[in-house]
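The values are calculated or read from the model by the stated rules, or taken from the named source; none is laboratory data. Computed from a predicted model, the values in this text were never measured in an experiment. Virtual Cβ from ideal backbone geometry, glycine too; neighbours counted across all protein chains shown.
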Amino acid sequence: MLITGILIVVVKKELIFDIKNFVPFFILNQFFLVAIYISKLISLPFKEIYYSGQTGDELLIGAIFVLYTFTYLVLIFLVWLRIFKVKNVIIIRAMFNSALSMLLILMVVFLYIIGKEALFDDALIKEGNNNVGVVLGAAVWSGNKPSPSLAGRVDKALSLYKQKKISQIYLTGSNAPGELTESEVALKYIESKDSKTSEIFLEKESTSTNEQIQYIKKKLISRSNINVIVISDGYHLVRVLEIAKFHEIEIQVSASELSQSFEKALYNKTREALALTVFWLFAI
């Protein structure tokens, strides 16, 4: 839409292009785009910083994405408002329309997550010795205690194991603020429940959902006759399936039975809607 709008402005010579407002936002937009690209090439130094269960790396990339999207939409509205010959407070209108558009996009993705989450059904998972469950890591609280999200995922894996729907359990995740990794804390939680641990394996290197799916592809899917069931919170599994599709692997999913307040569920789904949008646009 941006390029189309610029071409229309060029063709219709009577239109006066708002170069004074356009250039600063264009420079900012390109800066944020380069920052996103660089963040994929280097290791950011904020993995040990946590806020609301997110690492500093994830929060920084999310903030850069929001700013990139906002400035890009401002550029679009600056051009098209000029095409429709809007003259009054054009920069304010462009910024307001951009913020409103971002909110609408987030709402659409939010509803998409709710719709997809409702379709998850453990009845689709059949018993089989070739089924392995992969528990995706989640936040670890102080004292190396699993967060309710992590505990809920592990509980679901144990339930599937007892139902013979999975024959092995893989615990993933490294980035925890305590002494132990997410996967190690998950194992300690299993041991505290006096559950059998001989068929449990740890992955202690991955720092993101994307890395965990890549681990599944390289270490598990590559083995013949292996069916992977990924276990996480329902709202998270929507993005998991999208990432798996991007990496061209087939998986099944099983949602934890985590109970959340309305406010917490709203926060988590909104955060996940943003993360899913970032993945669709930048594959991160």
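Data for the structure
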{"quantity": "The range 134-164, residues that are among the basic types (K, R), surrounded by fewer than 19 Cβ atoms within 10 Å (Cβ to Cβ) and within 30 Å of S224 (Cβ to Cβ)", "calculated": "K162, K164"}
{"quantity": "Residue list for the range 189-222, filter: loosely packed, with under 15 Cβ neighbours inside 10 Å and among the charged types (D, E, K, R)", "calculated": "E191, K193, D194, K196, E199, E205, K218, K219"}
{"quantity": "Subset of the range 176-197 [under 20 Å from L237 (Cβ atoms) and in contact with a Ser or Thr (Cβ under 7 Å, 6 or more places away or on another chain)]", "calculated": "E182, S183"}
{"quantity": "Filter pass, V228 being aliphatic (A, V, I, L, M), under 19 Å from Q168 (Cα atoms), out of contact with any Phe, Trp or Tyr (no Cβ under 8 Å at 6 or more places or on another chain) and part of a strand (DSSP E or B)", "calculated": "yes"}
{"quantity": "Members of the range 139-193 found to be out of contact with any Asp or Glu (no Cβ under 7 Å at 6 or more places or on another chain) and aromatic (F, W, Y), listed by number", "calculated": "W141, Y161, Y189"}
{"quantity": "Residue in the range 246-283 that is nearest to the chain's Cα centre (by Cα), counting only those that are surrounded by 15 or more Cβ atoms within 10 Å (Cβ to Cβ) and part of a loop (DSSP other than H, G, I, E, B)", "calculated": "H247"}
{"quantity": "In the range 90-133, residue nearest to the chain's Cα centre (by Cα) [restricted to those that are surrounded by 14 or more Cβ atoms within 10 Å (Cβ to Cβ) and free of Cβ contacts under 8 Å to residues at least 60 places away in the same chain]", "calculated": "M102"}
{"quantity": "Which listed residue, of S52, S98, is at positive phi and either at pLDDT below 85 or polar (S, T, N, Q) (or both)", "calculated": "S52"}
